[in-house]
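> Mind looking over this structure? Questions follow.
Computed from the coordinates by the stated procedures, all read-outs in this text should not be read as laboratory data. These numbers come from a predicted model, not from an experiment. Neighbour counts are summed over all protein chains in view; Cβ atoms, including those assigned to glycine, are modelled from backbone coordinates with ideal geometry.
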Amino acid sequence: MQKDFRELTAVERQLIENEHAHLEQFLWELHEACCEFDSLKECHGCDKEKFASCQGRLISFEYVFIDFVIRHFENEEKIMSEICYTQNAKEFFHMHVQEHEKLLLEMESLMHKLSAESEQGFTAGAIRELYYRVAELFGKHASTFDNLLLNHHESGKK
């Protein structure tokens with residue numbers, strides 16, 4: 001795979017790594033938004049203001065997060081389109097783009113479902129599920145696609 005791609009420039013690598021770190025920061029902030037996150041309770045112990053605040057933060061998170069993810073995917077795809085040399089790399093690029101499209105559809109479906117749950121009073125559960133599902137989806141994506149993109153030269157030299 002090493003000869004299929006040109007090496008990422010320092011700027012390209014830093015952009016992708018910074019965006020991945022920002023995605024992790026988003027998740028941490030979502031985790032911290034819910035005072036019942038680790039107790040596995042619902043929002044019954046929260047007053048109305050806190051409950052409304054969490055509902056608002058969940059909705060805000062969803063929109064800001066999905067916008068950021070779209071920009072991140074666009075940046076990754078632009079970089080990949082510029083570094084692919086061979087048919088093998090172009091096929092990998094095409095699969096990566098398809099995975100981005102699949103992830104966006106899954107995220108939008110999940111966010112719609114969880115917004116409905118939050119409206120029914122299950123905001124803490126919605127926040128927990130969003131946190132764990134996003135971590136799972138993006139973790140799988142990173143291990144299948146992004147790590148190969150970021151580390152293909154190191155792995156090709158071993």
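> Under 13 Å from the Cβ of Arg133, count the other residues' Cβ atoms, weight Lys and Arg +1, Asp and Glu -1, and hand me the total.
Result for the neighbourhood of Arg133: -3.
> Starting at the first residue of the range 136-146, write each ³J(HN,Hα) from the Karplus equation 6.51 cos²θ - 1.76 cosθ + 1.60 with θ = phi - 60°, in whole Hz, x for Gly and Pro.
5, 4, 6, x, 5, 4, 4, 5, 7, 10, 5
> Place +1 on the Cβ of every Lys and Arg and -1 on the Cβ of every Asp and Glu in the chain, take the dipole about the Cα centre, and give the residue among Ala124, His141, Ala33 whose Cα lies farthest towards its positive end.
So the residue we want is His141.
> For every helix of n ≥ 4 consecutive DSSP H residues, a contribution of -39,500 (n - 2.57) applies; sum these over the chain, divide by its total residues, and give [θ] at 222 nm rounded to the nearest 500 deg cm²/dmol.
-27500 deg cm²/dmol
> When 1/r is averaged over all different Cα pairs and the result inverted, which Kirkwood radius in Å belongs to the chain?
Hydrodynamic radius (Kirkwood, Cα only) of the chain equals 17.1 Å.
> Using alpha-carbon positions, what is the distance between the centroids of the range 1-57 and the range 69-140, in Å?
A separation of 13 Å, based on Cα centres.
> Apply the Karplus parameterisation 6.51 cos²θ - 1.76 cosθ + 1.60, with θ equal to phi minus 60°, to every residue of the range 105-115 and state each ³J(HN,Hα) to the nearest whole Hz, in sequence, with x for glycine and proline.
5, 4, 5, 5, 5, 4, 5, 4, 4, 6, 5
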